[in-house]
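A quick write-up on the structure given underneath.
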Amino acid sequence: MSPSVIKHPNTNTQAISWNQIREQFNLNPEYTHLGASQFICSHPKVVREAIQHYAQLLDANPVMNTLALENDEMQKVREAAARYLQIDNPDNIALTDSTTMGMGLTYTALNLQPGQEILTTEHDHYSQHEAIRQAIKRTGASCRTIRMYERINHVTEEEIVESVVRGIGPNTRVLGITWVHSSTGLKTPVAQIAQAVAAVNRHRNEADRVLLLVDGVHGFGIERETFADLGCDFFITSGHKWLYGPRGTGLVAATSAAWQRVSPIIPSYTEAMDVIIEEDERPEHMDGKQMTPGGFHSLEHRWALRAAFEFMEGLGRERVCERVHQLNRQCKEGLAAMPHVTLHTPLSDALSSGITSFEVRGYNTDEVIERLKEQKVVATKAPYRHYNYARFTPGIFNTEEEVERGLAAVRSLA
């Protein structure tokens, strides 16, 4: 097929039932998959077909089809991401391989100075903490870590916002937080924090503004909020979790002003490369295209990310959000009713999303995971020192019956 006539499959799935959507995925029916959406996704049919299509083009004529497609297909992915996130300018999106890559690229690229500070929380993922550690080691800036709440079973949005704002000091230039914690499943009120940060910034000049950086991976693909709704400066995520996109994809979205506060650490292969080579000039303003790492990536996966956005748009943002919350509400309420189980995720939809974390009395987390696996139920473990919990993370390919199967397996551990 000529590169000029690439067609993506019809992804209008609004009228399709959840059971029909489940059929898009090649999941092993011998298992109840209650961990994949949060960990690493199974590709739906439309994504598999898009990957295969691009792979065939690259295999047939690697040089000509790469040269013909690379910039255009990458831009189509940015346009699809911008449409999904409701960002006006697609060029404000950098394409990466994962949330972790996005974290490392962004934190290390920040133009920080000695005496300036990154503020973060003790609840964030290893990837965020390590990216910050590496950034301050290189720049001479410092990091301060705060606690967002005292007790997860009594946490409120107000407590979280007040704790974070109270932590901002005169030297704080970056605030790094997580939208949905992969440890407890807590959903952070990012928009309210952004409003509070904006109030702080009204008394600062542009160079001293606090930048709000969000690890958004476990809200992205579930929650209703757009980039503008969240109000952050940097939004970092991957495509291979709740978006059900190609494995090894991700993005960093930022405002135009925020991009001016970073300097790339990996040369870009976008059009900026041609300008630099041919004219020995560099663009005056930074953007997401220049922050997209160059080199040859798994091109068929990156280009096929557009199919995942179209698939999720076909399902409908509201419909997906309601479904994932419905399944997780069933999960949380079922676990909370078991006397031998401690639920670590807030019951409120306002404070949780697609991750349900728990402990089972008499078992450590590894034992829980193994006992569930013996019953053909796949769960995951939160990789944290102080939040080492088992997790159920039902998504769009799961059913109410599967959630009940998972609950029955936990019930059997009493």
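Using the crude model of +1 on Lys and Arg Cβ and -1 on Asp and Glu Cβ, and no other charge, please compute the dipole size for the range 317-411 relative to its Cα centre, in debye to 20.
That gives the range 317-411 a dipole magnitude of about 180 debye.
Figure the gain on full extension for Glu370 and Asn19 (residue separation times 0.36 nm, minus the Cα-Cα span) and round it to one decimal in nm. Each step should come with its number before you reach the end.
Details: separation 351, 0.36 × 351 = 126.36 nm, distance 2.79 nm.
Residue separation times 0.36 nm, minus the Cα-Cα distance, leaves 123.6 nm.
Restrict the search to the range 182-290; then list the GluC sites (Glu not before Pro) that DSSP places in a loop and that have at most 15 other Cβ atoms within 10 Å of their Cβ.
Sites meeting the loop and neighbour criteria: Glu281, Glu284.
In whole percent, what relative contact order does the range 317-411 give with Cα contacts below 8 Å and a gap of six or more residues?
Value for the range 317-411: 30 percent.
Percent relative contact order of the chain, based on C-alpha pairs within less than 8 angstrom and at least six residues apart? Walk me through the numbers before you get to the answer.
Values: 798 pairs, mean separation 98.4, N = 414.
24 percent.
Hey, if you put +1 on the Cβ of every Lys and Arg and -1 on every Asp and Glu Cβ in the chain, which of Gly395, Ala82, Gly288 ends up farthest toward the positive end of that dipole?
The one lying farthest along the dipole's positive direction is Gly395.
If you take the square roots of the eigenvalues of the alpha-carbon gyration tensor of the range 206-304 and sort them as a ≥ b ≥ c, do you get rounded (a/c under 1.5), prolate (a/b over b/c) or oblate?
oblate
When all C-alpha to C-alpha distances in the chain are sorted into bins of 20 Å, what percent of pairs does each bin hold, rounded to whole numbers?
Whole-percent P(r) values from 0 Å outward: 27, 56, 17, 0.
Under a point spin-label approximation (7 Å from Cα along Cα-to-Cβ), what is the Arg144-Asp59 distance to one decimal in nm?
Each label point lies 7 Å from its Cα, and together they span 5.6 nm.
In debye, nearest 20, what is the charge dipole magnitude of the chain about its Cα centre with +1 on Lys and Arg Cβ and -1 on Asp and Glu Cβ, if you could check? Before the final figure, lay out each step's value.
Numbers: 41 positive and 51 negative charges, 222 e Å.
Computed charge dipole of the chain: roughly 1060 debye.
At most 15 other Cβ atoms within 10 Å and a DSSP loop assignment: could you name the GluC sites (Glu not before Pro) in the range 285-347 that fit?
none
Considering the chain as a Gaussian network with a 10 Å cut-off on Cα pairs, which listed residue, Ile266, Ile132, Ile236, attains the greatest mean-square fluctuation?
Greatest mean-square fluctuation among the candidates belongs to Ile266.
Placing +1 on the Cβ of each Lys and Arg and -1 on the Cβ of each Asp and Glu in the chain, which of Ile236, Gln24, Leu335 has its Cα farthest towards the positive end of the resulting dipole?
Value computed over the given set: Leu335.
DSSP loop (so not H, G, I, E, B), at most 14 other Cβ within 10 Å: list which trypsin sites (Lys or Arg not before Pro) in the range 121-188 pass both filters.
Hits after loop and neighbour filter: Arg147, Arg151.
Antiparallel DSSP bridges in the chain: what percent, to the nearest 5?
55 percent
Since every read-out is calculated from the coordinates, none of them should be taken as a lab result. Fair warning: this is a prediction, and the values are worked out from it, not measured in the lab. Cβ coordinates were reconstructed from backbone atoms using ideal geometry, including for glycine residues, and neighbour counts include every protein chain displayed.
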